[in-house]
Amino acid sequence: MPELPEVERLRLTLLPHLLGATVLSGTLKRRDYCTVVGEDGAVQKGPVSEEALLVGGAINALSRKGKQLAMTTADGRVAVIHLGMSGQVLFSVGTRAPRANHQHVEWLLRRGDETEGTMVFRDPRRFGGLWSYPSMEVLERTAWSKLGPDGLTSPLSQLEGSLRRVAQGGERPSARSIKMALLDQALIAGVGNIYADESLFLAGIRPDRLCRELTLEDVARLARAVRQVLGDAVTKGGSTLKDYRDANGAGGTAQQTHMVYGRGAEACRMCGSRLKWSFQQRTTVFCGVCQR
């Protein structure tokens with residue numbers, strides 16, 4: 001599943017194509033793939049309008065929180081993309097859409113008098129989706145207010161504070177394992193199965209340790225590890241395990257340097273011992289020697 005680094009890489013590769021571009025048309029090929037939210041934060045029923053698909057608007061911002069990507073027009077409208085497990089957003093210069101099946105949304109764009117470009121959102125497994133908001137204020141007040149600090153861009157002190165609240169000495173010590181806590185987007189936004197395993201390895205913390213057993217030193221070390229792992233993955237273009245591609249169709253290379261994720265029963269790259277794996281809602285891989 002694409003996590004924060006993959007969505008950030010997608011944002012960076014879309015920026016040159018989208019900023020300053022006007023949306024000439026938007027085609028929704030599956031009505032149930034777009035959710036329209038009104039000013040009051042309630043979901044609107046009925047057909048999806050061209051306005052909801054940003055038609056006629058000039059895109060002036062492309063922002064991200066956690067795993068969600070938001071396109072904003074100069075008149076304030078916002079469309080939010082969530083890639084889910086298999087989603088891709090691809091861009092091609094010209095009016096011919098990128099060749100790909102399972103396309104659910106297609107936009108035609110123009111920047112000034114330059115050549116038109118076509119952007120498609122495809123999602124074979126349909127775990128992702130498109131959400132339309134009348135403004136960034138409504139998005140932040142409703143959906144994004146439920147997310148924790150962003151794992152990449154929020155101050156490190158906020159990541160530590162969020163982890164501290166579920167650890168020993170915090171306001172609400174949790175009996176959850178730290179691996180399960182890291183997957184909670186209300187704790188830290190953007191970390192999924194891949195980078196939870198990688199962050200815990202870098203921090204030297206077993207994934208099955210209970211949050212309430214962590215020391216404040218553990219918390220600080222883990223917050224730094226999350227920030228480093230996510231940042232390193234962005235520089236490598238994200239992890240392409242199967243479906244993920246950036247806007248130009250290129251895969252990432254972060255998977256080539258994964259220390260534990262997907263490497264169960266292989267040798268630890270640090271100590272050489274055989275990596276262990278368990279199942280905590282998701283497959284979890286760790287080193288019984290390097291992680292305590």
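The values are calculated or read from the model by the stated rules, or taken from the named source; none is laboratory data. Computed from a predicted structure; not experimentally measured. Because the Cβ atoms are built from the backbone with ideal geometry, glycine has one as well, and the counts that use them run over all protein chains shown.
Here's the yes/no breakdown for (1) of a type in the set (A, V, I, L, M); (2) in contact with a Phe, Trp or Tyr (Cβ under 8 Å, 6 or more places away or on another chain); (3) at pLDDT below 95:
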site	(1), (2), (3)
Cys34	no, yes, no
Gly57	no, no, no
Leu69	yes, no, no
Ala74	yes, no, no
Asn101	no, no, yes
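Hey, does the range 224-243 have a residue that's outside any loop (DSSP other than H, G, I, E, B), in the same structural domain as Arg176 (by TED's automatic domain parsing) and more than 18 Å from the chain's Cα centre (by Cα)? Looking for residues that are outside any loop (DSSP other than H, G, I, E, B), in the same structural domain as Arg176 (by TED's automatic domain parsing) and more than 18 Å from the chain's Cα centre (by Cα), one finds at least one in the range 224-243, hence yes. Candidates in the range 155-207 are the residues that are of a type in the set (D, E, K, R) and in a helix (DSSP H, G or I); of these, the one that is nearest to Asp232 (Cα to Cα) is Glu198.
So that you can scan it fast, the table gives a plain yes or no per residue for (1) surrounded by fewer than 15 Cβ atoms within 10 Å (Cβ to Cβ); (2) of a type in the set (S, T, N, Q); (3) assigned to a strand (DSSP E or B):
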position: Met1; (1), (2), (3): no, no, no
position: Arg9; (1), (2), (3): no, no, no
position: Asp32; (1), (2), (3): yes, no, no
position: Asp40; (1), (2), (3): yes, no, no
position: Val48; (1), (2), (3): no, no, no
position: Ala52; (1), (2), (3): no, no, no
position: Val55; (1), (2), (3): no, no, no
position: Leu69; (1), (2), (3): no, no, yes
position: Asp75; (1), (2), (3): yes, no, no
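Test Val260 against the criterion of being out of contact with any Lys or Arg (no Cβ under 8 Å at 6 or more places or on another chain), farther than 30 Å from Met119 by Cα and modelled with pLDDT of 95 or more, and give yes or no. Taking the combined requirement at face value, the residue satisfies it. Taking each residue of the range 199-221 that is more than 24 Å from Cys268 (Cα to Cα) and looking for partners that are assigned to a helix (DSSP H, G or I) and aliphatic (A, V, I, L, M) with beta-carbon atoms closer than 7 Å, six or more apart or interchain, yields Cys211/Ile178; Cys211/Ala181. With respect to (1) in contact with a Ser or Thr (Cβ under 8 Å, 6 or more places away or on another chain); (2) crowded, with 21+ Cβ neighbours inside 10 Å, the lone exception for Lys65 is condition (1). Checking each residue in the range 147-182 for being surrounded by fewer than 18 Cβ atoms within 10 Å (Cβ to Cβ) and hydrophobic (A, V, I, L, M, F, W, C) picks out Leu156, Ala175.
When the range 57-67 is limited to residues that are under 28 Å from Leu182 (Cα atoms) and either part of a strand (DSSP E or B) or of a type outside the set (Lys, Arg) (or both), the one that is farthest from the chain's Cα centre (by Cα) turns out to be Leu62. Does any residue in the range 232-256 that is closer than 15 Å to Leu83 by Cα come within less than 6 Å, Cβ to Cβ, of a residue that is surrounded by 22 or more Cβ atoms within 10 Å (Cβ to Cβ) and among the polar types (S, T, N, Q) six or more places away or on a different chain, and which pairs are these? As it stands, the answer is Arg245/Gln88, since those pairs meet every condition given. Of all residues assigned to the range 92-110, at least one qualifies as being aromatic (Phe, Trp, Tyr), assigned to a strand (DSSP E or B), more than 22 Å from Thr240 (Cβ to Cβ) and touching a residue at least 40 places away in the same chain (Cβ under 8 Å).
Within the bounds of the range 267-282, is there any residue that is touching a helix residue (DSSP H, G or I) at 6+ places or on another chain (Cβ under 9 Å), modelled with pLDDT under 95 and either assigned to a loop (DSSP other than H, G, I, E, B) or among the charged types (D, E, K, R) (or both)? Within the range 267-282, one or more residues are touching a helix residue (DSSP H, G or I) at 6+ places or on another chain (Cβ under 9 Å), modelled with pLDDT under 95 and either assigned to a loop (DSSP other than H, G, I, E, B) or among the charged types (D, E, K, R) (or both). Within the range 18-40, the set of residues being over 26 Å from Pro124 (Cα atoms) and within 22 Å of the chain's Cα centre (by Cα) comprises Leu19 only.
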